[in-house]
1. Which residue fluctuates the most in the chain, going by a Gaussian network model with Cα springs under 10 Å, if the choices are N202, N144, N103?
2. Reachable lysines from K5, Cα under 22 Å, same-chain residues fewer than 8 places away excluded?
3. Ranked from highest to lowest mean number of other Cβ atoms within 10 Å per residue, what is the order of the peptides 187-196, 237-246?
4. Would you mind counting up the charge near G89? Only other residues with Cβ under 13 Å from its Cβ, with Lys and Arg at +1 and Asp and Glu at -1.
5. Name the residues whose placed amide hydrogens come within less than 5 Å of the amide hydrogen of F121, ignoring near sequence neighbours (fewer than 5 apart) on the same chain.
6. Loop-only check: which GluC sites (Glu not before Pro) in region 269-358 are DSSP coil with at most 13 other Cβ within 10 angstrom?
7. From the Cα gyration tensor of region 138-286, with a ≥ b ≥ c the square roots of its eigenvalues, which class applies: rounded if a/c is under 1.5, or else prolate if a/b is larger than b/c, or else oblate?
8. Report the FRET efficiency, 1/(1 + (r/R0)^6), for L155 and T303, where r is their Cβ-Cβ distance and R0 is 56 Å, rounded to 0.05.
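Please treat every number below as a calculation from the coordinates, not as lab data. What you are looking at is a predicted structure, and each value in this text was computed from that prediction instead of being measured. For neighbour counting, all protein chains shown are included, and Cβ atoms are generated from backbone atoms with ideal geometry for every residue, glycine included.
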Amino acid sequence: MRAMKILISGICGFVGSSVARTLRDHFPQWTVCGLDNLSRPGSETNRRALIAEGMSVIHADVRLWSDLESVRDISWVIDASANPSVLAGVGAGSSPRQLLEYNLEGTTNLLEFCRQRCAGFILLSTSRVYSIRSFSALPVVEQNRAFTLDLSAALPPGVSAEGVSEEFDTSPPVSLYGATKRCSELLALEYSEAFNLPVWINRCGVMAGAGQFGRPDQGIFSYWIHAWARKRPLRFIGFGGTGFQVRDVMHPADLARLLAKQIAHPSRCTQRIANLGGGAGSAISLAQLSDWCAARFGAHMVTPGDETRPFDIPWVVLDATAAQKNWDWRPEISRDAVLEDIASHAEKHPDWLEISGV
Ligand SMILES: NC(=O)c1ccc[n+]([C@@H]2O[C@H](COP(=O)([O-])OP(=O)(O)OC[C@H]3O[C@@H](n4cnc5c(N)ncnc54)[C@H](O)[C@@H]3O)[C@@H](O)[C@H]2O)c1
């Protein structure tokens, strides 16, 4: 395997820092460095830690071309810098314009960066590129305090018991966040064709683990467990306040193992877009997560809320069969290991929600 220098944008974020450490630990012959504008509350803690561990971390903003100009000799870029909230651009705290600059203009600059250096490009995209309307129309039934797919009903293309595949509908509405990622995907594919750049697009489902800067709108597993451990007020939002909404969950260290394969074998397959997630076996509802928290930390009250939020979806499970076939990849870290990872972190860092700006 030839020596590589990999630049991770958003290296001080939850996923960027985990991917950086996993690649460094498993591929010591590769150089991993990164940049971050430290806009996510909590990311400063990773900047200090990564530098102390010997990694090169530049304070830079992907929106600014002049911040990128001086970075040289990069063979691959992993684009992990974004505003990752599905409410970005429509909720308090960020404008649509800023979301476009962070998620779309930032990716455009990184693609130009790669073109000029003949570097490969990996986009961390999202399950949020799939249609909210089509997701919401999926037939679900309640089972054990969780929505589950009704397999006796007719299912649209790209949906099976394994989850939603790359064939699922990507038509609007997908949220402004989802739209920035879908546009980034298309741009990356065009750059790949036009300039013969190796490009991989990984549509990731929910990721979670220790050290995630969880908030109610992003990083829900981390937020819920930390808030439960602290006995902070918690509310089930949407779906009649039941907490039956379901997500599958994956640890970013599992993502990193696939990124390493994509970097090492850029000609291995022709399917550029892959779904990556914990899969049906890792799926859990918020109500079931609450049961897990009660067993781990003791009882705590969750209030049923009657409000609904835009973009809420009852059931999201990603079918990663294509990644399994093309890359011989499957997640190795179980859902319960992910939850326990967060719980132990919560015990060691009782101030984590404050550090995360919540
Ligand atoms: N966490 C998930 O569940 C999940 C799921 C699907 C996709 N993703 C994608 O993975 C990537 C990483 O997500 P995350 O959970 O680590 O989020 P995060 O907020 O923890 O990390 C993002 C990092 O990017 C930095 N950043 C933001 N804008 C920047 C800019 N303009 N210039 C430089 N740095 C900037 C932030 O300071 C932060 O450190 C994102 O692209 C996100 O859309 C995440």
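1. N144
2. Answer for K5, where 22 Å is the Cα cut-off: K261, listed by chain and number.
3. On the way: 187-196: 15.1, 237-246: 19.4.
Going from most to least packed, we get 237-246, 187-196.
4. Around G89, the charge tally is +1.
5. For F121, the qualifying residues are V77, V199, W200.
6. Here the sparse-neighbourhood loop sites are E307, E332.
7. Note, shape of region 138-286 comes out prolate.
8. Efficiency for this residue pair is about 0.95.
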